[in-house]
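The values are calculated or read from the model by the stated rules, or taken from the named source; none is laboratory data. Everything numeric here is computed off the predicted structure, so don't read it as measured data. So basically every Cβ, Gly included, is an ideal-geometry build from the backbone, and we count neighbours across all protein chains shown. Ligands, DNA and RNA are stripped out before the accessible areas are found, and what is left, the full protein with its side chains, is counted by its heavy atoms. Shrake-Rupley method; radii C 1.70, N 1.55, O 1.52, S 1.80 Å.
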Amino acid sequence: MLPTAYFARLRAELRLGEADDDVLRELATHVEDEVELLTSQGVDGTAAARTAIGRLGRPQTLAHLLRQAHYSVRPREAAFGAAPMILAAVLIGARLWQWPVAAAGTAVIVVAVTLYGLWRGRPAWFYPWAGVALTLPLVAGYLGFLGLRHGPFTDGTGALDVGLLGFVGGALYFPIGLLVVCHAVLVALRRDWLDASVLLSPLPVAFVWIVAVHRAGGLRHADDSLDGTSHLLALICVGMAVAVIAFMRARTRAMRVGVLLASAVLLTAMAGTADASATLASTAARAAILVGFLLSPAVFAARLSSLR
């Protein structure tokens, strides 16, 4: 394999974000030095290049080893990665979402930081912020449904046809929201399925919150029955923030997978203890569903690799 093809494949497999260029530059310099040494010993230039590249090993293996070596995130970067979960905890726990200025300000901050991370080449802290940003289409879809529900759709007697409204709301929103989420996950999968899992992790919390708000009377008229769920979801968001820090500070891939799975089980158990109707079997089932959801990117990543 010639150096150009090798480094192109290595770049595709590396997925270190901002560090890609530095690592590839160092490796290219190393290969050039090796080629120069071999040619000075009388080896043909093409053969020398092939030999130097061959000593690096397969690009997939080298990329894996380099990713392992670079699993080192500074504490402040890990803390910044956990910040969106803390914002969500405050917004939900203190019910600041009922204040339009606070809700809109938080959304602007999340979107702005996510776009900045995208511009910076998706650094380590990008995916937690992007995951929270992906919950915004869910909220927007719920707002759209409420708008339709209070619009001119009636059943002929003057009463609102809730079934029709639900169908129209779903028809208008969910295909668009699904496309946004799928595109974001596919982009993350091309780098690492663990990034896609982090990206998806806030979505279950957002879904549970929307359901709880709707049952409590909606965004504008939610009653006090929502307080317990709000406090629990805020605690779960804090737990997710801790998990993000542990995930980002983990030094090996195996440790990151372990943190992902352990946090899913522990947070599900936390939710189960607050639910008086929950049984051990139902809590275990919820944990299994959540773990399966977070591991689903690994299945898709394996499928994509088999198609290459």
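Would you be able to tell me the number of residues in segment 278-290 that are open to solvent by 30 Å² or more (accessible area, probe 1.4 Å) and without any contact (Cβ under 8 Å) to a residue 60 or more places away in the chain?
9
Among the candidates V35, V73, which residue alone is assigned to a helix (DSSP H, G or I), at pLDDT below 85, of a type outside the set (D, E) and surrounded by 12 or more Cβ atoms within 10 Å (Cβ to Cβ)?
After applying the criteria, what remains is V35.
Are there any pairs with C-beta distances below 8 angstrom linking a residue in segment 195-223 that is within 21 Å of P84 (Cα to Cα) to a residue that is open to solvent by less than 30 Å² (accessible area, probe 1.4 Å) and part of a loop (DSSP other than H, G, I, E, B), with the two at least 6 apart or on different chains, and if so which?
What qualifies is V213/A222.
Of the conditions (1) open to solvent by 20 Å² or more (accessible area, probe 1.4 Å); (2) more than 18 Å from A103 (Cα to Cα); (3) modelled with pLDDT of 60 or more; (4) assigned to a helix (DSSP H, G or I), V168 clears all except one; give me its number.
Every condition holds for V168 apart from (3).
Quick one: R122 ticks every box in (1) touching a residue at least 60 places away in the same chain (Cβ under 8 Å); (2) open to solvent by less than 30 Å² (accessible area, probe 1.4 Å); (3) under 19 Å from L186 (Cβ atoms); (4) in contact with a Gly (Cβ under 8 Å, 6 or more places away or on another chain) except a single one, so which number is it?
If we test R122 against (1) touching a residue at least 60 places away in the same chain (Cβ under 8 Å); (2) open to solvent by less than 30 Å² (accessible area, probe 1.4 Å); (3) under 19 Å from L186 (Cβ atoms); (4) in contact with a Gly (Cβ under 8 Å, 6 or more places away or on another chain), just (2) comes out false.
Return a yes/no flag: does segment 148-163 have any residue that is open to solvent by 20 Å² or more (accessible area, probe 1.4 Å), aromatic (F, W, Y) and either outside any loop (DSSP other than H, G, I, E, B) or modelled with pLDDT of 70 or more (or both).
Among the residues of segment 148-163, not one is open to solvent by 20 Å² or more (accessible area, probe 1.4 Å), aromatic (F, W, Y) and either outside any loop (DSSP other than H, G, I, E, B) or modelled with pLDDT of 70 or more (or both), which makes the answer no.
With respect to F145, determine if the residue is open to solvent by 60 Å² or more (accessible area, probe 1.4 Å) and modelled with pLDDT under 70.
In short, no.
Counting just the residues of segment 222-258 that are outside any helix (DSSP H, G or I) and open to solvent by less than 30 Å² (accessible area, probe 1.4 Å), which one comes out modelled with the lowest pLDDT?
By that ranking, first place goes to A222.
Within segment 76-92, can one find any residue that is at pLDDT below 75 and more than 30 Å from H221 (Cα to Cα)?
Looking for residues that are at pLDDT below 75 and more than 30 Å from H221 (Cα to Cα), one finds none in segment 76-92, hence no.
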